[in-house]
Structures are given as C-alpha cells and as structure tokens.
Amino acid sequence: MLLKDKIIIVTGASSGIGAAAALKFAGQGAKLVLGARREAELRQIEGQIIQSNGAAVAVPGDVCDAGYADALVAMATERFGGLDGAFNNAGILGSGAVVAETAPEDWDEVLATNLTASYHAARAQIPALQARDGGSLVFTGSFIGHTATLPGMGAYAASKAGLVGLMQAIAVEHGAEGIRANVLMPGGTLTRIAMDAATNPETAAFISGLHALKRMAEPEEIADAALFLLSDMASFVTGSAMLADGGNSICKM
C-alpha cells in the first residue's frame with residue numbers, strides 16, 4: 001500500500017496512462033480526485049474504483065481553464081481533507097504539421113494543454129502541499145523534446161521540453177518545504193493517442209523498433225513509474241526527468 005491514505009489528483013484520468021494510474025493508485029490505498037474532459041469515461045473510472053472499495057471523486061473539466069486547477073484542489077480538500085500529491089498527466093499531440101505549417105491556434109492549443117496547464121496545476125497545488133508539510137508533483141513529459149523528436153511534433157516537443165524547466169524551478173523553489181517535483185518521460189505507449197500504432201502493424205513495427213525493448217509500453221507500466229515517484233520510495237528523488245522509455249533514448253538501430 002505505497003499510497004495508503006495519500007490524497008492524489010490525477011488529470012487525464014479518463015483513459016490511457018491516466019486511467020491506468022488512477023486504478024493502480026487506488027489499489028495502493030490512495031484517495032483520488034480524478035480530472036478529464038470526457039465525463040462519461042471519467043465517471044466509469046470513478047465507478048470502477050468505488051466498486052472496488054476505493055475512494056475517488058470525478059471532477060470533469062478542461063485543464064486549460066485556470067479555475068479548473070483550483071476546483072480540483074478544492075475538491076481534494078473538501079472531500080478528503082487536503083492534498084499530498086498530483087499526477088499532472090493530461091496532454092495532447094497536436095495537428096502533426098511541421099513547424100512552418102503549424103497554425104498559430106494549433107501551436108497555442110498544444111502549449112496551453114501541455115505546458116501552461118501544468119503551471120496552473122502547480123500554482124493551485126503547491127499551497128495545498130505546503131499546508132501538509134510537503135508532497136509530490138509528477139508531470140507527464142515525453143522523450144520527444146528531451147532525447148529525440150519526430151517530424152510534425154514541433155509544438156509537442158516544445159511543450160514537453162518546457163515542462164522540464166518548469167519542474168526544475170518548482171523542485172528548487174520548494175524542496176526545502178518537503179515538496180518534490182519530477183517529470184516522467186514515457187516512451188511509445190499503447191494509449192488512445194497512439195491508437196494507429198495499436199491497429200496498424202506497419203506503424204506498430206516502426207514505433208516498436210525505436211525502442212531497445214522492441215515494443216511499446218502498456219499504460220500500466222508507465223503508471224508503475226508514476227506510482228514510484230509519488231510514493232515515499234522516491235523520497236530523495238526530485239528535479240529529475242525520469243525516463244521510462246523502453247530504451248528509446250539509447251536505441252539507434
């Protein structure tokens with residue numbers, strides 16, 4: 001029970017890595033506030049946790065809305081009594097256009113969802129962690145924008161690279177208060193975003209080949225890494241961009 005009685009926010013919790021993390025954290029004793037835009041899917045995850053005698057409350061909304069970050073923290077405090085950590089996981093890929101052909105509104109949407117939303121989250125969550133004498137913030141980054149990138153991923157790469165800088169600032173500014181901050185860097189993962197890789201054998205083979213393990217991750221494997229960073233097992237881990245990328249960053253063949 002690595003998160004027994006810990007109060008944790010999970011965003012992007014309606015599917016993929018976020019849903020896998022929510023279910024895993026609940027199984028490890030966490031009390032969860034679940035956030036995502038897709039209400040029906042989010043309620044389904046909430047129901048699964050409650051049906052398994054876990055504690056969870058769904059708060060549908062858009063992470064791009066600054067007030068939504070405050071609402072998630074307010075729910076954690078109202079329903080469970082405070083906040084001990086967050087898995088700020090919501091994100092989008094973008095249009096797939098090369099930089100020179102990326103529309104300004106598409107650029108703004110990716111940066112707002114993947115980077116600015118994490119600022120909103122941290123701004124709301126840090127005071128709540130200070131009130132509990134510390135806690136852990138985990139942000140979902142990517143190997144893209146850190147160790148490599150792919151054509152058509154300019155906005156995504158920029159947003160995820162910026163996330164590392166944001167996390168490092170938080171880690172330095174609040175480490176003495178017992179607040180840890182880390183970015184989790186998954187490799188290719190079989191989620192809704194990567195659905196083509198799950199259904200198209202050629203795409204799956206190409207993406208799998210980018211990894212030393214020659215396969216993509218299951219969402220539960222990335223959730224395990226997030227569990228580690230949120231738990232007391234990572235009590236001396238802060239300021240890190242932790243790769244859980246199946247060897248993507250070292251694979252050149």
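Sort through Ala56, Ala74 and tell me the only one that's part of a helix (DSSP H, G or I) and at pLDDT 95 or above. It would help to see each step written out before you state the result.
Working: Ala56 fails: part of a helix (DSSP H, G or I).
Within the list Ala56, Ala74, the selection yields Ala74.
Of the candidates Ala169, Ala121, the single residue that is out of contact with any Gly (no Cβ under 7 Å at 6 or more places or on another chain), among the small types (Gly, Ala, Ser) and within 20 Å of Gly61 (Cα to Cα) is Ala121.
Looking at the range 208-244, which of its residues are outside any helix (DSSP H, G or I), in contact (Cβ under 8 Å) with a residue 24 or more places away in the chain and closer than 17 Å to Thr189 by Cβ? Result: Leu210, His211, Ala212, Leu213, Arg215, Met216, Ala217, Glu218, Ala241, Met242, Leu243, Ala244. Residues considered: Gly18, Gly82, Gly67, Gly54. Of these, the only one that is of a type outside the set (Lys, Arg) and on the phi > 0 side of the Ramachandran plot is Gly82. Could you check, for the range 143-164, whether at least one of its residues is free of Cβ contacts under 8 Å to residues at least 40 places away in the same chain, in a strand (DSSP E or B) and within 18 Å of the chain's Cα centre (by Cα)? Checking the range 143-164: at least one residue is free of Cβ contacts under 8 Å to residues at least 40 places away in the same chain, in a strand (DSSP E or B) and within 18 Å of the chain's Cα centre (by Cα). Right, Tyr119: touching an Asp or Glu at 6+ places or on another chain (Cβ under 9 Å), of a type in the set (Phe, Trp, Tyr) and under 24 Å from Ile17 (Cα atoms) or not? The answer is no for Tyr119. Take the conditions in contact with a helix residue (DSSP H, G or I) (Cβ under 8 Å, 6 or more places away or on another chain), within 30 Å of Gly152 (Cβ to Cβ) and modelled with pLDDT of 95 or more and apply them to Leu115. Does it pass? Yes: the conditions hold for Leu115. Selection of first residues in the range 6-27 that are among the polar types (S, T, N, Q) and of second residues that are assigned to a strand (DSSP E or B), restricted to Cβ pairs under 6 Å at least 6 apart or on distinct chains, gives the following pairs, ordered by first then second residue: Thr11/Gly35; Thr11/Asn88; Ser14/Ala36.
The values are calculated or read from the model by the stated rules, or taken from the named source; none is laboratory data. Please read all numbers here as calculations on a predicted model, not as lab measurements. Virtual Cβ from ideal backbone geometry, glycine too; neighbours counted across all protein chains shown.
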